[in-house]
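Would you mind keeping the following structure in view while I ask a few things?
The values are calculated or read from the model by the stated rules, or taken from the named source; none is laboratory data. Worth saying up front: this structure is predicted, and the values here are computed from it rather than measured. No Cβ is skipped: glycine too gets one built from the backbone with ideal geometry, and neighbour counts run over all protein chains shown. Please note that ligands, DNA and RNA were not included when accessible areas were found on the heavy atoms of the full protein model with its side chains. Shrake-Rupley method; radii C 1.70, N 1.55, O 1.52, S 1.80 Å.
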Amino acid sequence: MTGRGTGRTSPPLSRPAPALRSSSVGDKLLLRPGEVAPRAVPTMTAEPSAQAPVETRLRDLRATTSPVEFVARVVACERREVTRRSDGSRRPVLSGLLSDGTATVRFTWWDPPREEIEKGTVLRVVGAEVREYRGRPEVTFSWKTRLGLASPAELPRLDTEEIPFRTIEDLRPSEEGFRLEVRVVRVGAKTVTVGTERRVVYEGLLADRTGAIALSAWSDFGLKVGEAVRIAGGYVRAFRGRPQLVLDERSSVVRIEGGDLPDPAQLLAAPPRSIAEVEDEGGGEAVAVEGLVVGLLPPSGIVFRCPTCHRSVRSGICRVHGQVEGQPDLRARLVLDDGTGALTVNTNRAETEQLWGVTLEEAQARLRSQPDPSLIEEQMLEALLGRRLRVRGVGTHDDFGVTLTPESIDRVDIDLDAAAEELSARLGERR
Ligand SMILES: [Zn+2]
């Protein structure tokens, strides 16, 4: 590649990245694969003795005064403008997160190209500045930085042997660069729409001795329930308030013996725990509790759903799809109390019909003869109040506490008099 005479004595870069300086006025900054923007040759860098940038992995980034080079993917970005204090003019800045599979770092890009930088774009960055903020490295792209498009194949090759092992219990959102040894507890394929594209995502549950984590895999690793696997190249994101392990085409999955990993049947059949404990942990992927139904939360009973997105429809309006013909559905939001605490159990139509013993059609017939939905809810509560249930499922956490999406609900037969006494005591406590 010619035109690399920057005054540095550096060897040529291994790859002719389309060189895009971030900020030079007049430069054509089109971030399209293969396109090379005319690059002004800087007369001199601010540091005459600037060393050759050394390609590094984000995990090894340290605050330094010498420019670094790396290849990373934009995983999040946001464009805004800041006001210069000196003259009040506005200066565009793009900031977000970059990841190369070994770590995720924040970036700040002053005077970015006008074109949209999309999430997923892989960039080769030469001459970025690295600073430390609260003990974590951050990179800044300035006029000295050259940026070009790169292909995902240029991302650092992960030598899985050198990635540290972690356990599920100490994984945190936005973490990556770890290996896990887990048992596949559940897995299933689901088709989703991403933008305009239909894609298959494999969702499930993985477990080790320390806990369980939800899985979302964008590649088919042929996972089967019960097998033990060693996973590398995944990352953790927060999904509905719970950590989720995301795998993509760069992740690797290897079958292992896994003798010391829990048995899925055992994990899913674990004895119920106290609701207080489940609340303390903010829910969980394989929660089992047992308690009495002490109430129903709205909306319970007959609800109307958007035919497209299944959100509940209010006065014929879906908040995404506008005016729609709502389709009737039956649901219940049960408050389950075990004496240590209470949580909400959301039951779908089949579960509600089973528990209540009334079908959606029957409930609709009742509604026609007594057109007051609150009566339906009252009748449902009457039938369910004081029922002892053992519920297993996924527990998520928000400001209102833990909500359980059941995988199984079992009615526990009990001494009715004792239950009535227990219930009145519970209800008394809750007043
Ligand atoms: Zn809708």
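Taking a ≥ b ≥ c as the square roots of the Cα gyration tensor eigenvalues, with a/c under 1.5 meaning rounded and otherwise prolate when a/b beats b/c, else oblate, which class fits the stretch 274-431?
It is oblate, given that a/c is not under 1.5 and a/b is not larger than b/c.
In addition: Which length gain, in nm to one decimal place, applies between residue 161 and residue 91 when the Cα-Cα distance is subtracted from 0.36 nm times their residue separation?
Extra length available between residue 161 and residue 91 comes to 20.8 nm.
Here's something else I'd like to know. How large is the accessible surface per residue of the chain, computed with a 1.4 Å probe and reported in Å² as a whole number?
Result: 54 Å² of accessible area for each residue.
Here's another thing I want to ask about it. Express the Stokes-Einstein translational diffusion coefficient of the stretch 289-332 in µm² s⁻¹, to the nearest whole number, given a Kirkwood radius over alpha-carbon pairs, 4 °C and a viscosity of 1.567 mPa s.
For the chosen part, D equals 113 µm²/s.
Hey, if we sort 413, 263, 338 by accessible area with the 1.4 Å probe, largest down, what's the order?
413, 263, 338
Under 17 Å from a point 7 Å along the Cα-to-Cβ line of residue 209: which residues of the stretch 151-177 have their amide N that close?
Counting backbone N atoms under 17 Å from the label point, the list is 165-171.
Can you tell me how the stretch 167-311 classifies by the Cα gyration tensor, rounded, prolate or oblate, using a/c under 1.5 as the rounded cut?
Details: a/c = 1.96, a/b = 1.19, b/c = 1.64.
Note, shape of the stretch 167-311 comes out oblate.
Given a 1.4 Å probe and the protein chains all in place, what does the accessible area of residue 187 round to, in Å² to the nearest 10?
50
Can you quote the Å³ per residue value for the convex hull of the Cα atoms in the stretch 77-145, rounded to an integer?
Hull volume over Cα atoms, normalised by residue count, gives 107 Å³.
So what's the Cα pair-distance distribution over the stretch 336-413, bin width 10 Å, in %?
16, 45, 30, 9, 0
Oh, and also: Cβ under 12 Å from residue 131's Cβ, residue 131 left aside: what net charge do those residues give with Lys, Arg +1 and Asp, Glu -1?
Working: positive: 62, 106, 134, 136; negative: 129, 132, 138.
That works out to +1.
Using the alpha-carbon atoms, what tilt in degrees (0 to 90, nearest 10) does helix 373-384 show relative to the longest principal axis of the chain?
Computed tilt is about 70 degrees.
Give, in nm to one decimal, the length gained when the segment between residue 64 and residue 308 is fully stretched (0.36 nm per residue of separation minus the Cα-Cα distance).
82.6 nm
What is the percent carbon and sulfur in the accessible area of the chain, measuring with a 1.4 Å probe over the protein chains and ignoring ligands?
Of all accessible area on the chain, carbon and sulfur atoms account for 49 percent.
Still on this structure, I have one more. Can you give me the solvent accessible area of residue 410 with a 1.4 Å probe, rounded to the nearest 10 Å²?
Using a 1.4 Å probe on the heavy atoms, I get roughly 80 Å².
May I pose another question? If R0 is 30 Å, what FRET efficiency do you get for residue 119 and residue 254 from their C-beta distance, rounded to 0.05?
Numbers: r = 29 Å, r/R0 = 0.96.
Efficiency for this residue pair is about 0.55.
Order 190, 224, 119, most accessible first, counting only protein heavy atoms with a 1.4 angstrom probe.
In descending accessible area the options line up as 119, 224, 190.
Separate question: Using the scaling law 2.2 N^0.38 Å as the reference, what is the normalised Cα Rg of the stretch 45-181? List each step's numbers first, then the result.
Working: Rg = 16.1 Å, N = 137, 2.2 N^0.38 = 14.3 Å.
Cα-based Rg divided by the globular estimate yields 1.13.
Okay, next question. By the scheme Lys and Arg +1, Asp and Glu -1, what is the net charge of all other residues having a beta-carbon under 11 Å from that of residue 221?
-2
Additional query: How fast does the stretch 69-113 diffuse by Stokes-Einstein, in µm²/s, taking the Kirkwood radius from C-alpha pairs at 37 °C and 0.692 mPa s?
283
With n ≥ 4 as the cut-off for DSSP H runs, can you work out [θ] at 222 nm for the chain, using -39500 (n - 2.57) per run divided by the number of residues, rounded to the nearest 500?
-3500 deg cm²/dmol
Here is a follow-up. Over all distinct alpha-carbon pairs, what is the Kirkwood Rh of the chain in angstrom?
25.8
Classify the stretch 224-284 as rounded, prolate or oblate, taking a ≥ b ≥ c as the square roots of the eigenvalues of its Cα gyration tensor: rounded when a/c is under 1.5, otherwise prolate if a/b is larger than b/c and oblate if not.
oblate
What FRET efficiency comes out for the pair residue 200/residue 151, r = Cβ-Cβ distance, R0 = 22 Å, nearest 0.05?
0.40
Right, next: Could you compute how much accessible surface residue 111 exposes when probed at 1.4 Å, giving the result in Å² to the nearest 10?
Answer for residue 111: close to 40 Å² accessible.
Could you tell me what a quarter of the Cα convex hull surface of the stretch 228-356 works out to, in nm² with one decimal place?
Result: a mean projected hull area of 11.4 nm².
For residue 421 and residue 276, what is the calculated FRET efficiency with R₀ set at 25 Å and r taken between the beta-carbons, to the nearest 0.05?
0.70
Taking 0.36 nm per residue of sequence separation and subtracting the Cα-Cα distance, how much length would be gained by fully extending the chain between residue 399 and residue 412, in nm to one decimal?
Details: separation 13, 0.36 × 13 = 4.68 nm, distance 2.94 nm.
Full extension from residue 399 to residue 412 adds 1.7 nm.
Sort 162, 118 by heavy-atom solvent-accessible area, probe 1.4 angstrom, most to least. Mind showing how you got there, number by number?
Details: 162 85, 118 120 Å².
The residues order as 118, 162, largest area first.
Could you list the residues of the stretch 167-186 with an amide nitrogen less than 19 Å from a label point located 7 Å from the Cα of residue 134 in the Cα-to-C-beta direction?
Under cut-off, by backbone N: 171-176.
Hey, another quick one. What net charge do the residues around residue 236 carry, taking every other residue with its C-beta under 10 Å from that of residue 236, with Lys and Arg at +1 and Asp and Glu at -1?
Every neighbour counted, the sum reads +1.
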